[in-house]
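The values are calculated or read from the model by the stated rules, or taken from the named source; none is laboratory data. Because the structure is a prediction, the values reported are computed rather than measured. Cβ: placed from backbone, ideal geometry, glycine included. Neighbour counts: every protein chain shown.
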Amino acid sequence: MATAARLVIVFVVDGLRPDSITAEETPTLFRLRAEGVNFPNSHAVFPTVTRVNAAALTTGMQPGTHGIVGNQMYVPAVEPARAFGTDAHRNLLELDRASGGRLVLGRTLAERLQAHGLQLAAVSSGSTGSALLTNPRATSGVGVLISGYFDPGKSVAWPASVSETILAKFGPAPAKGRGADRYDDAVAWTQRVLREYVLPELRPAVVIDWLTEPDHTQHHVGVGSPAAREALGHDDREIARVLATVEQLGLTATTSVFVVSDHGFTTNTAGIDVAGALVEAGLKASATSRDVVLASSGQAVALHVEHRDADRVARIVQFLQTREWCGVIFTAGLAPGDPRGAVAGTFALELIHLANEERGPDLLLTFPWSSQPNAFGVRGADLANVSTGGAPLTSDHGSMSPWNVRNTLVAWGAGFKTRTAVHAPAGNADVTPTILTLLGLEEHDGIDGRVLAEALVDGPDVEHVVVDTRVHTTEAGRYRAAVQMSTVDGRRYVDKSWRVR
């Protein structure tokens, strides 16, 4: 498909719910959505957490393919007896070392661009782990990756020459606040580097611009809170300044813009100590034992059972199904293409794109969710995993509730239709293949996502997209559960799952 795109900018606004965009508080985002293509049925990949979706955005792959399967992961070669956090880039670099350079298990967007003589530049004010996953091969000389927090004041980018230039021109990034302190200063420093250096001097073909708010503030004081809305308003002004720079550089007519979020957000109503419950039931020897290792993604928990002991897996499932705090459970598939899991009352991990022999869990559980509003009138409530009975974050994500699955996706500018809404399913895995098409690069080998052709100026009518939506159910005794999937052009989107009461 022919387009005029010469620059693609992806604004990733961490934790931005679509219903947080308003004319009054986010006029720039509201204008882009009104003037461009809105995807009200966009999907985060599951688990609906940051690092899983960062990898999906920049590979076009589902987590079972790219191999980043949670905000915590269990890889014995990295940590033999416990899960490690993917928020820290040093942990991910250790995974890269331990796996022989296979931090992600497929080709990245930056690699695909470099093969055609084009450059990706990623800038991030988020965690160093999420920053690294926007360009996982930057440490090997692929593209550019910038974060003021890799080694503050000493190393803020790959390649080293870019780091040296940034520190000389802008100085070190401001320290991030503690607790509920907003990260506006971190966002502002990163956006200044983008406006004053990356765009005018590096001239990349693709920019991934990760804004860490309102995620941080929502976690601590609540989604929809005044502080979170103020942080989002600050993002909106920073995005407006980037677009003004694009105009000053004479690039607006040939620039394509995405606004996307990594996930939605909901309110935590209680915390569940899953490890403690398993120990008490005699299914795990101790909180730190390696017979069953938990890797938490907040509102979803992956369990890795030593030696993949099928009997222990079955006993854990049967126990969980008796707990009121258990939602939907996923295990190894019963047979290829079958939505059922191998244990009665479970669904297949493959169904939700989490089957991975090397890094995938033996079972994964979600918690019950509801659509009840919080104190700020924002709908969506969940439970979350906690350790040793601690309190959960005020608001969170990770579940398979529609309030977390539904993320923000807007397309605007060169190559896109105008004032259009696409109601067919779309999602984070679709961003990379669409970028490649916008740039005239028709190479989609190994990519799980689809080109969002219906959003392109010469694409099909948005009402002609064929969507197949199905609800699968499962039961074991009194336990019943359901999962809803939608399929477009052979690509399967996870809509939601719930325990049937």
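Mind checking which strands (runs of 3 or more DSSP E) fall wholly inside segment 60-169 and carry at least 1 residues that are under 19 Å from the mean Cα position of the chain (by Cα), within 29 Å of residue 494 (Cα to Cα) and in contact (Cβ under 8 Å) with a residue 60 or more places away in the chain?
120-124
Do we have any residue at all in segment 379-394 that's more than 15 Å from residue 272 (Cα to Cα), among the β-branched types (Val, Ile, Thr) and touching a residue at least 12 places away in the same chain (Cβ under 8 Å)?
Within segment 379-394, not a single residue is more than 15 Å from residue 272 (Cα to Cα), among the β-branched types (Val, Ile, Thr) and touching a residue at least 12 places away in the same chain (Cβ under 8 Å).
So, in segment 199-222, exactly how many residues are assigned to a loop (DSSP other than H, G, I, E, B) and on the phi < 0 side of the Ramachandran plot?
Qualifying residue count, segment 199-222: 5.
Taking residue 430, is it outside the structural domain of residue 327 (by TED's automatic domain parsing), of a type in the set (Asp, Glu), touching a Lys or Arg at 6+ places or on another chain (Cβ under 9 Å) and under 15 Å from residue 260 (Cβ atoms)?
yes
Every residue in segment 142-155 that is more than 11 Å from residue 193 (Cα to Cα) and of a type in the set (A, V, I, L, M), please.
142, 144, 145
Which pairs have Cβ atoms under 8 Å, sit 6 or more apart or on different chains, and link a residue in segment 220-241 that is in contact (Cβ under 8 Å) with a residue 40 or more places away in the chain to one that is among the basic types (Lys, Arg) and assigned to a helix (DSSP H, G or I)?
What qualifies is 241/195.
Is there a residue in segment 468-483 that is surrounded by 18 or more Cβ atoms within 10 Å (Cβ to Cβ) and within 23 Å of the chain's Cα centre (by Cα)?
yes
Is it the case that segment 474-490 has a residue that's assigned to a strand (DSSP E or B), among the hydroxyl-bearing types (Ser, Thr, Tyr) and not assigned by TED's automatic domain parsing to the domain that holds residue 338?
Scanning segment 474-490, I find no residue that is assigned to a strand (DSSP E or B), among the hydroxyl-bearing types (Ser, Thr, Tyr) and not assigned by TED's automatic domain parsing to the domain that holds residue 338, so the answer is no.
Determine if segment 413-431 includes at least one residue that is of a type outside the set (Ser, Thr, Tyr), exposed (fewer than 15 other Cβ atoms within 10 Å of the Cβ) and within 30 Å of residue 115 (Cα to Cα).
no
Please state which of the following conditions residue 376 fails to meet, knowing it meets all the rest: (1) on the phi < 0 side of the Ramachandran plot; (2) outside any strand (DSSP E or B); (3) crowded, with 22+ Cβ neighbours inside 10 Å; (4) not acidic (Asp, Glu).
(3)
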